[in-house]
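Below: the structure, in structure tokens.
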Amino acid sequence: MSRISEAFRNGKAFIPFITCGDPDLETTAASVREAAENGADLIELGIPFSDPTAEGPVIQGANLRALSGGVTTDRIFEFVRELRREVTVPMVFMTYANVVFSYGAERFIRTAGEVGMDGLILPDLPFEEKEEFHPLCAKYGLDLISLIAPTSRQRIGRIAAEAEGFIYIVSSLGVTGVRSEIRTDLQSVVDAVRENTDVPCAIGFGISTPEQARKMAGIADGVIVGSAIIRYLEKYGREAPARIGEYVRTMKDAVREA
């Protein structure tokens, strides 16, 4: 088992997402440090991909900026190895199955474990095909994080029963991005999850304000935020990390109040 359970031991977890290499890895490192110092309980690191099917325009833009800047999977692994000298919070990679396949699945997962990652999220990996990666994740000490979407109704029990680390509950249909309102009946999804597992669940997609974070944390065990953080990087570039730290602190305070 990985260290991911630590993120949920002290109340509701706040989980920021940051794309590696946007606009450069030095800025990513500073953003991760700021997030960790200001209350992030677990951090998702995105490995850029040229065709990120689950992402809206904000995170698509981050992928393009990072790839245009020359970031590679190898450089990200070395970046994480260095980052782990000072950042101790659990961290997971979020990327796409093609990135893992093209690198070599065993080589990718083994290296991710060696550099200090705790888990792997592949949003384009169907539950029924997880055995492509799960044995390797188990071998090298990574949790393969399961996703449950609003369309997963008939499969929630099966997915939850086999989940590890935490369960990523997708709040809404469609791609990532800030939403003014989340209308999905998430309470019933969380209830179905909890009937089948004690593994914690966190809600992501569309959350950007403290009010939304407080509401979602009242339903689930944690809250995931990506696009709202990437917007700081898009707007402020290398000056973004301090602003990200302030934002994370505000969101973590809201999650604590749930």
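The values are calculated or read from the model by the stated rules, or taken from the named source; none is laboratory data. What you see is a predicted model, and the numbers here were worked out from it, not measured in a lab. All Cβ positions, even for glycine, are placed from backbone atoms using ideal geometry, and neighbour counts span all protein chains on display.
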For this session: Taking only the range 195-238 into account, find how many residues are without any contact (Cβ under 8 Å) to a residue 60 or more places away in the chain, surrounded by 16 or more Cβ atoms within 10 Å (Cβ to Cβ) and in a helix (DSSP H, G or I).
Result: 8
Problem set entry | Leading residue by the ranking (farthest from ILE203 (Cα to Cα)) among those in the range 96-146 that are assigned to a helix (DSSP H, G or I) and touching an Asp or Glu at 6+ places or on another chain (Cβ under 6 Å) | LEU136
For this session: Name every residue in the range 150-177 that is modelled with pLDDT under 80, among the hydrophobic types (A, V, I, L, M, F, W, C) and within 27 Å of MET117 (Cβ to Cβ), in order of residue number.
Result: VAL175
Exercise. If you go through the range 40-54 one residue at a time, do you hit one that is closer than 24 Å to ARG249 by Cα, touching a Cys at 6+ places or on another chain (Cβ under 9 Å) and of a type in the set (A, V, I, L, M, F, W, C)?
Worked result: yes
For this session: Restrict the check to the range 81-100 and report whether at least one residue is of a type in the set (D, E, K, R) and surrounded by 18 or more Cβ atoms within 10 Å (Cβ to Cβ).
Result: no
